[in-house]
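The values are calculated or read from the model by the stated rules, or taken from the named source; none is laboratory data. All values reported here derive from a predicted model rather than from experimental measurement. Cβ placement follows ideal geometry from the backbone for every residue including glycine, while neighbour counts extend to all protein chains displayed. Surface areas here come from the heavy atoms of the whole protein model, side chains and all, with no ligands, DNA or RNA. Shrake-Rupley method; radii C 1.70, N 1.55, O 1.52, S 1.80 Å.
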Amino acid sequence: MIEVIGLYKSYGKNTVLENVGLTVATGSVFGLVGINGAGKSTLLRLISGVLKPESGEILIDGEPVYENESVKRKIFFLPDDPYYTPNLSGEGLAQMYRTFYDFDENVYAEYLDRFKLSPKNPIRNFSKGMKRQVFVSLALAIRPEYLLLDEAFDGLDPLARLVFKRGLIDLVGDKKCTVVISSHSLRELEDISDSYGMLDHKTITCSGELEEDLGKIHKFQAAFSRPVSREELGFDVMTFSSTGRVIQFIVKGEAEEIAARLAALGPIFVEEIPVDFEEMFVSEVESRGYLK
């Protein structure tokens with residue numbers, strides 16, 4: 001289990017994270033989302049023990065992470081732009097990490113083969129997507145107890161994303177690995193995440209079980225014989241748009257109650273449209289005044 005308690009981190013006078021609280025259950029795939037600059041990368045570096053917080057606690061299985069070698073051996077952190085030396089090959093990468101982790105060479109070779117990458121070629125000669133594939137293969141071969149991924153799907157083509165997602169699902173199923181993924185590819189996160197946290201205004205503003213929380217948000221479209229304003233709906237909506245006499249909005253609450261209140265306005269028709277994780281995220285962001 002990962003526990004983040006009252007976390008505070010700044011760079012000089014710039015406060016990046018403030019009073020962050022978060023719990024990630026063992027064996028969970030946790031999607032960490034937020035707009036650019038929200039502090040997702042910083043939070044992952046803190047959880048991995050790369051950075052030290054000014055105050056607060058980060059516990060892995062009840063133990064502090066920072067400068068704790070036994071805990072750090074449980075963790076593999078794949079940053080957005082991982083470091084490698086100029087002449088390092090896929091083989092050399094494996095040799096380097098073999099000194100720190102119980103490395104499964106067969107799994108590494110299997111994924112390099114799936115991605116059609118030669119372990120003997122220098123990594124510097126690979127494209128951005130190919131470099132990502134090498135390090136994704138590395139992460140899956142290390143098979144850690146805790147896997148932290150920053151912008152996990154960046155640079156991967158649709159087929160590589162599918163291979164990676166299947167690898168993560170297998171890893172969680174076989175090893176009960178706990179995965180924390182930061183990504184802007186929310187549709188990919190929705191495929192594999194069972195829980196999530198939204199980083200906003202320097203803290204976690206909402207978190208929970210993804211499927212459960214998606215069930216609390218509803219998107220409606222309705223047509224009227226006259227224009228209807230946001231205010232006439234009589235309840236707070238997260239987003240609202242209108243085109244002539246047709247309105248569309250997203251709202252939290254009970255679907256039946258919302259539909260009943262809409263019916264009182266005399267619509268020509270009403271329909272509920274499924275909401276996905278990306279729409280949920282955008283709605284939360286818009287409701288806090290962004291994108292306006």
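Long-range amide H contacts for VAL16: which residues qualify at under 5 Å (H placed 1.01 Å from N, peptide plane, sequence gap of 5 or more or a different chain)?
It is LYS9, SER10, TYR11, by chain and number.
State, in angstrom, two size descriptors of the stretch 108-173 derived from its alpha carbons: Rg to one decimal place and Dmax to the nearest whole number.
11.3, 34
Within the chain, which DSSP H helices have Cα atoms that stretch 18 Å or more along the helix axis and a mean Kyte-Doolittle hydropathy of at least -1.0?
TM-like helix candidates: 128-142, 158-175.
Treat every Asp and Glu Cβ in the stretch 165-292 as -1 and every Lys and Arg Cβ as +1, leave all other atoms uncharged, and give the resulting dipole magnitude about the Cα centre to the nearest 20 debye.
Using Cβ point charges on Lys, Arg, Asp and Glu, the stretch 165-292 gives about 420 debye.
Taking 0.36 nm per intervening residue step and subtracting the Cα-Cα distance, what contour gain separates ILE273 from ASP104 on full extension?
56.3 nm
Give me the number: length gained by fully extending ALA25 to GLN248, i.e. 0.36 nm times residue separation minus the C-alpha to C-alpha distance, one decimal in nm. All intermediate terms of the calculation are to be shown ahead of the outcome.
Details: separation 223, 0.36 × 223 = 80.28 nm, distance 3.60 nm.
Using 0.36 nm per residue and subtracting the Cα-Cα distance, I get 76.7 nm.
Taking each pair of different alpha-carbon atoms in the stretch 166-285 once, compute 1/r for the pair, average those values, and report the inverse of that mean as the Kirkwood hydrodynamic radius in Å to one decimal.
16.3 Å
For the stretch 94-225, report the translational diffusion coefficient in µm²/s to the nearest whole number, using Stokes-Einstein at 20 °C, 1.002 mPa s, and a Kirkwood Rh over Cα pairs.
The calculation lands on 128 µm²/s.
What is the percent of Cα-Cα separations in the stretch 90-142 that go past 18 Å?
On the way: 269 of 1378 pairs.
Percentage above 18 Å: 20.
Just the C-alpha atoms of the chain: what Rg/Rh do they give, with Rh taken as the Kirkwood radius? Don't jump to the answer; show the numbers that get you there.
Working: Rg = 22.1 Å, Rh = 21.0 Å.
Rg/Rh for the chain comes to 1.05.
How many Å² of accessible area per residue for the chain, probe 1.4 Å?
49 Å²
Scaled to the compact-protein estimate 2.2 N^0.38 Å, what is the alpha-carbon radius of gyration of the stretch 11-169, rounded to two decimal places?
On the way: Rg = 16.3 Å, N = 159, 2.2 N^0.38 = 15.1 Å.
Normalised by 2.2 N^0.38 Å, the Cα Rg of the stretch 11-169 equals 1.08.
Within the stretch 134-292, what whole-number % of the accessible surface is contributed by carbon and sulfur, with the 1.4 Å probe and all protein chains included in the calculation?
Values: 3620 of 7320 Å².
Roughly 49 percent of what the probe reaches on the stretch 134-292 is carbon or sulfur.
Among LEU138, ILE204, LEU189, whose Cα lies farthest out toward the positive end of the dipole of the stretch 92-222, if unit charges sit on the beta carbon of Lys, Arg (+1) and Asp, Glu (-1)?
Checking the options against the dipole of the stretch 92-222, the answer is LEU138.
Name the residue, out of GLU279, GLU209, GLU69, whose mean-square fluctuation peaks in a Gaussian network model built on the chain with Cα pairs under 10 Å.
GLU69
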